[in-house]
């Protein structure tokens, strides 16, 4: 009588072990898993990195790089500037390890910046397509709708502000790295609605461009004055105008501390 029981218990233990040791989600990104067409009829592309952990629904972080051009290497002050593509931010591994879905839209439009043919975020043309990417991912994957965050550096941060202010009720928070909410004439803008809405974390690195540092500090005061939950982190490392990858954990924790509170199901208001 005991042998069959032992055999059954062994089979149950083996089955449990197989489930527990099931292979983790592949590290390769999903390349535009659902098609997106913007209002001008252009097919848009994005990459989606799903976390290695199964604690769904997941928060979603949407990242925007700065202006990019191979011709920047000819400009002495921009020789080492890359625009911080997602591969240089450390966010892919950080998000995967911490149960965060990472969406990386691809900029579509080119324009001339500092005499160089560049690719960045043409706000009036990009807004519709990027919003459709975010909506598509939020609808098709196991995303926590109250936990959708934006992050960008330089021109990507400017674009993040326009996205957030276009639908302030949709986003929980924004990391504004080395830039602020400004218009095409570099004039600081006020939030579209009084706060509190989404939280805004401004940050910049040591030896960043003084004008951009001024934009961050001034814009933080404007948002705070309008009732937003804000924070300002300055003199981060490494020095220069780049995403401060070694501070990803600090940036995420600080953003979460000022973001719109997540209302859990069944929680009292």
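Yes/no per residue for (1) within 21 Å of residue 59 (Cα to Cα); (2) in contact with a helix residue (DSSP H, G or I) (Cβ under 8 Å, 6 or more places away or on another chain); (3) surrounded by 13 or more Cβ atoms within 10 Å (Cβ to Cβ):
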| position | (1), (2), (3) |
| --- | --- |
| 194 | no, no, no |
| 201 | yes, yes, yes |
| 221 | no, no, yes |
| 224 | no, no, yes |
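Which numbered condition in (1) more than 18 Å from the chain's Cα centre (by Cα); (2) modelled with pLDDT under 95 is the only one that residue 68 fails?
Unmet for residue 68, out of (1) more than 18 Å from the chain's Cα centre (by Cα); (2) modelled with pLDDT under 95: (1).
Restricting to strands (runs of 3 or more DSSP E) lying wholly in region 38-115: which have 1 or more residues that are under 26 Å from residue 205 (Cα atoms)?
Those strands (runs of 3 or more DSSP E) span 58-64, 101-105, 110-113.
Filter region 131-162 for residues that are crowded, with 17+ Cβ neighbours inside 10 Å and without any contact (Cβ under 8 Å) to a residue 60 or more places away in the chain and give the result.
131, 158, 161, 162
Name the residues in region 76-92 that are without any contact (Cβ under 8 Å) to a residue 40 or more places away in the chain, in contact with a helix residue (DSSP H, G or I) (Cβ under 9 Å, 6 or more places away or on another chain) and surrounded by fewer than 16 Cβ atoms within 10 Å (Cβ to Cβ), would you? Talk me through it step by step, then tell me what you get.
In the first step, residues of region 76-92 are kept if they are without any contact (Cβ under 8 Å) to a residue 40 or more places away in the chain; the result is 76-79, 85-87.
Subset that is in contact with a helix residue (DSSP H, G or I) (Cβ under 9 Å, 6 or more places away or on another chain): 78-79, 86.
Within region 76-92, 79 is the sole residue that qualifies.
The values are calculated or read from the model by the stated rules, or taken from the named source; none is laboratory data. This structure is a prediction, so every number in the text was calculated from the model and none was measured. Reconstructed Cβ throughout: ideal geometry from the backbone, glycine too, with neighbour counts over all protein chains shown.
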